[in-house]
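Here the structure is laid out as structure tokens; the discussion comes afterwards.
The values are calculated or read from the model by the stated rules, or taken from the named source; none is laboratory data. Small disclaimer: the values here were computed from a predicted structure and weren't measured. No Cβ is skipped: glycine too gets one built from the backbone with ideal geometry, and neighbour counts run over all protein chains shown.
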Amino acid sequence: MQPTLYLSHGSPMLLLQDSPARRFLADLAGALARPAAIVVVSAHWETAVPSVSANAVNATIHDFSGFPAPLYDLRYPAPGAPDLAERIADLIGAAGLRAHVAAGRGLDHGAWVPLLLAWPDHAIPVLQLSVQSALGPGHHLQLGQALRALRRENVLVLGSGSFTHNLGALQRGAGPETAPPDWVRDFADWMDAAILGGRTCDLLSYRRLAPHAAANHPTDEHLLPLFVALGAAGPGATATRLHQSTDLGVLRMDSYRFD
């Protein structure tokens, strides 16, 4: 049975610059059984209704600007899985949620950046599932719960976001050796304790309970994939922190596995 994952994907520069997070992602596949398919829940695809991508071959979306030219030359032409997309939409519908199959939607950098590091052969079929930022953590936990059956089918559910995500506070030039400010550290420590302690109710209310929640996440979308991964893992799942580091002073790159 596949675990579920929450990965912090950081800046697209992760692909061009050495860092602890880059090395972690490059080694990730070696710690997992090779999945039959991967469903990526990316913070960078926001829709009103849960949508599942369905393509024969995935296009690569360069959904960023102002970065070095080599980033725009990178591609991740992984096959899609249209039949699996229909099954996922059915599972979501059976859970009482609306779902939409979106043909032609490629992979955004929240998907292809970590995938290119972990599975560079781009041979595993990949689908994306969108987030609904206006609906909050509880909706995304329910969305993940609808996907539990996929774990038994060797399908990896992978949430991709950022453990902290305040782009207005980025410290340009700060590397992994730069200690994060207290407001970042305190939030990340609270989240880590709640995740490892199985305190799902507290996590669902993180914006009210966690210290400096709004400062670390002015908007929800980069943490919502965590709740999908948590829901897909099922009740009583064991959480393991796979990685911890900081980039650009305030971006925590923590990643988790749920079994």
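Applying a threshold of 6 Å to beta carbon distances and a minimum spacing of six or more residues, or different chains, the list of pairs starting in the stretch 243-254 at a residue that is within 11 Å of residue 22 (Cα to Cα) and ending at one that is of a type outside the set (A, V, I, L, M) and surrounded by fewer than 20 Cβ atoms within 10 Å (Cβ to Cβ) reads 245/20; 245/176. Can we say residue 67 is aromatic (Phe, Trp, Tyr) and either under 16 Å from the mean Cα position of the chain (by Cα) or at pLDDT 95 or above (or both)? It is false that residue 67 is aromatic (Phe, Trp, Tyr) and either under 16 Å from the mean Cα position of the chain (by Cα) or at pLDDT 95 or above (or both).
Every test in (1) more than 23 Å from residue 42 (Cβ to Cβ); (2) small (Gly, Ala, Ser); (3) touching a residue at least 24 places away in the same chain (Cβ under 8 Å); (4) surrounded by fewer than 15 Cβ atoms within 10 Å (Cβ to Cβ) is passed by residue 175 save one, and that test is (4). Scanning the stretch 220-234 for residues that are part of a loop (DSSP other than H, G, I, E, B) and over 14 Å from residue 204 (Cβ atoms) yields 221, 222, 234.
Within the stretch 56-70, the residues that satisfy the criterion of being outside any strand (DSSP E or B) and under 30 Å from residue 17 (Cβ atoms) are 58, 59, 61, 62, 63, 64, 65, 66, 67, 68, 69, 70. When you go through (1) more than 23 Å from residue 255 (Cα to Cα); (2) in a helix (DSSP H, G or I); (3) touching a residue at least 12 places away in the same chain (Cβ under 8 Å) one by one for residue 22, which number turns out not to apply? So residue 22 meets the others, but not (1). Scanning the stretch 153-197 for residues that are closer than 30 Å to residue 51 by Cα, at pLDDT below 95 and not aliphatic (A, V, I, L, M) returns 166, 168.
Of all the residues in the stretch 52-71, those that are within 23 Å of residue 253 (Cα to Cα) and either among the hydrophobic types (A, V, I, L, M, F, W, C) or free of Cβ contacts under 8 Å to residues at least 12 places away in the same chain (or both) number 6. The residue list 207, 241 contains one member that is modelled with pLDDT of 95 or more, exposed (fewer than 15 other Cβ atoms within 10 Å of the Cβ) and farther than 26 Å from residue 156 by Cβ, which is 207. Restricting attention to the stretch 39-51, does a residue exist that is touching a residue at least 40 places away in the same chain (Cβ under 8 Å) and part of a helix (DSSP H, G or I)? Checked against the condition, which is being touching a residue at least 40 places away in the same chain (Cβ under 8 Å) and part of a helix (DSSP H, G or I), the stretch 39-51 yields no hits at all.
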